[in-house]
Amino acid sequence: LWDLFQKTKAKNYSANEIAKLGLDYFYDNRTTYSISQTVTAPFNSSNDQMDSKSFYHMGRPKENAYRNNGSSSNNMNYVTDLNFRKVYSEDVPHEWTIDLQASFNTINRDNSSVTDYYNPTTLLRSRNPYDQVKNYERMIARYYVKTDYVHPIGRTGKWETGLSSITNTNKTNTKTRVLQFKPTDTSYVYNRRLSEDFQYIEEVA
């Protein structure tokens, strides 16, 4: 049995930039074309440092450890909208609409974690440090198409029909490397068990 005491300090920073531009074109008093473009760029970074001390039973020092974690993330998101609306009659205002949207999202995140272990008496390294570097990449694409036709029936009713289609593509790739210490070589080694390569495609109509 042994006891563990930890102390952690953490810093986080985040920011987000947004830009949007839109245009409406009135072909006539019943027909409208619209286009808009939205771009967002969130950014996040964090760092935490942890000191830990472990003790055997009766308070005898066991080991000291110092860990430093760092992370940074960049995210870009693009959304394009195209819209069409036409009203066919003022007396019986039936209308036809078309909505198109394409969005693309990319995420890049880098993480690093370094842990050093020390002898509490001599303050020398008691074993090799654990150093892990992880790179995370994700791409999401979404296409959305929708068209609707609405025709009123009497004063309170209406007849409506339409079509819609959604396609989602999700690709994720994570590469994890761990620093291994050998008598003749110190290098990062790819760790397959801590990594992933994933692709998911969904189509709905």
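From most to least packed by mean Cβ count within 10 Å, the peptides 141-153, 18-30 give 141-153, 18-30.
For Met50, Met139, the ranking by accessible surface with the largest value first comes to Met139, Met50, using a 1.4 Å probe. Across the stretch 77-205, the fraction of Cα-Cα pairs farther apart than 19 Å, rounded to a whole number, is 70%. Spatially close Lys pairs in the stretch 58-205, defined by Cα atoms under 25 Å apart and a spacing of eight or more places or different chains, total 8. The Cβ shell under 15 Å around Ile107 holds other residues with a net charge of +3, Lys and Arg each +1, Asp and Glu each -1. Using only alpha carbon positions, build the gyration tensor of the stretch 9-168, then give the equivalent ellipsoid semi-axes as the square roots of 5 times its eigenvalues, largest first, whole angstrom. Here the semi-axes work out to 62, 16, 13 Å.
Which part of the stretch 66-80 falls in the paramagnetic zone of Ile140, meaning amide N under 14 Å from the point 7 Å along Cα-to-beta-carbon? Of the residues in the stretch 66-80, 75-79 have backbone N under 14 Å from the label point off Ile140. Other residues whose C-beta falls under 14 angstrom from the C-beta of Arg60 contribute a net charge of 0, scoring Lys and Arg +1 and Asp and Glu -1.
The values are calculated or read from the model by the stated rules, or taken from the named source; none is laboratory data. Computed from a predicted model, the values in this text were never measured in an experiment. Neighbour counts run over all protein chains shown; Cβ positions are idealised from the backbone, glycine included. Heads up: the accessible areas ignore ligands, DNA and RNA and are worked out on the full protein's heavy atoms, side chains in. Shrake-Rupley method; radii C 1.70, N 1.55, O 1.52, S 1.80 Å.
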